[in-house]
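**Q** Structure below; questions to follow.
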Amino acid sequence: MDIDRIREILPHRYPFLLVDRVSEVEPGKRLKAYKNVTANEPFFNGHFPERPVMPGVLICEAMAQAAALLAYETSHYEAAENHIYLMGMDDVRFRRPVIPGDRLELEVEMVRQKGRIWRQKAVATVDGERAAECTLLAMIKPKDEGAP
């Protein structure tokens, strides 16, 4: 899945679109994607100027965006008519810093779906080393119903 398809599905745009490409997807099971982390990312100006580190909250956001892509590829819901809202993140752990030049690999695995609610596990790695992990809970809702 290239960036054009990702933009069709996710409402995020630069600088908040944090998935560059989906390399593998098995609907209902798993998805692999990545984000190329570059030195010109706007958040590096202040986090931290002397030793740039990708903020943990943005690593979590990248995992959530990858999870939303898996949900859309699995479901019968149309992205043009629905949004996926993040409801919660559990068991969040950060294992190593993510710095400019890293390729943040995102792997999401489906745990359970019940109606419009999705539970997924996500892992973010760099060079095969775990950078972060979490369990996500999200809901698909029609755009005209607003946020949960």
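**Q** Would you mind calculating the relative contact order of the range 49-148 from Cα pairs under 8 angstrom and at least 6 residues apart, reporting the percent as a whole number?
**A** For the range 49-148, the relative contact order is 33 percent.
**Q** If you roll a 1.4 angstrom probe over the protein chains with everything in place, what fraction of the accessible area of the chain belongs to carbon and sulfur, to the nearest %?
**A** The nonpolar share, carbon plus sulfur, comes to 48 percent.
**Q** Now a separate question. With a 1.4 Å probe and every protein chain left in place, work out the accessible area per residue of the chain in Å², rounded to a whole number.
**A** 54
**Q** Further question on the same structure: By how many degrees, between 0 and 90 and to the nearest 10, does the Cα long axis of helix 56-74 differ from the longest principal axis of the chain?
**A** In the chain, helix 56-74 runs at an angle near 30 degrees to the longest axis.
**Q** List the lysines whose Cα lies under 18 Å from the Cα of Lys141, skipping any in the same chain that are fewer than 8 positions away.
**A** Lys141 reaches Lys114.
**Q** Further question: In vacuo Debye scattering of the chain, one point per C-alpha: log10 I(q)/I(0) at q = 0.17 Å⁻¹?
**A** Rounded to two decimals, the profile gives -0.92.
**Q** Label-point separation (nm) for Arg130 and Glu24, each offset 7 Å from Cα along Cα-to-Cβ?
**A** In this crude label model, Arg130 to Glu24 measures out at 1.8 nm.
**Q** For Val98, what residues show an amide H to amide H distance below 5 Å, using hydrogens built from the backbone and excluding near sequence neighbours?
**A** Met54
**Q** Check the straight Cα-Cα distances from Lys35 and name the lysines below 22 Å, setting aside those fewer than 8 residues away within the same chain.
**A** The qualifying lysines are Lys121.
The values are calculated or read from the model by the stated rules, or taken from the named source; none is laboratory data. Quantities reported herein were computed from a predicted structural model and do not represent experimental measurements. When we count neighbours, we look across all protein chains shown, and the Cβ atoms used for this are built from the backbone with ideal geometry, even at glycine. The protein model used for the area step is the full one, side chains on, heavy atoms only, and it has no ligands, DNA or RNA in it. Shrake-Rupley method; radii C 1.70, N 1.55, O 1.52, S 1.80 Å.
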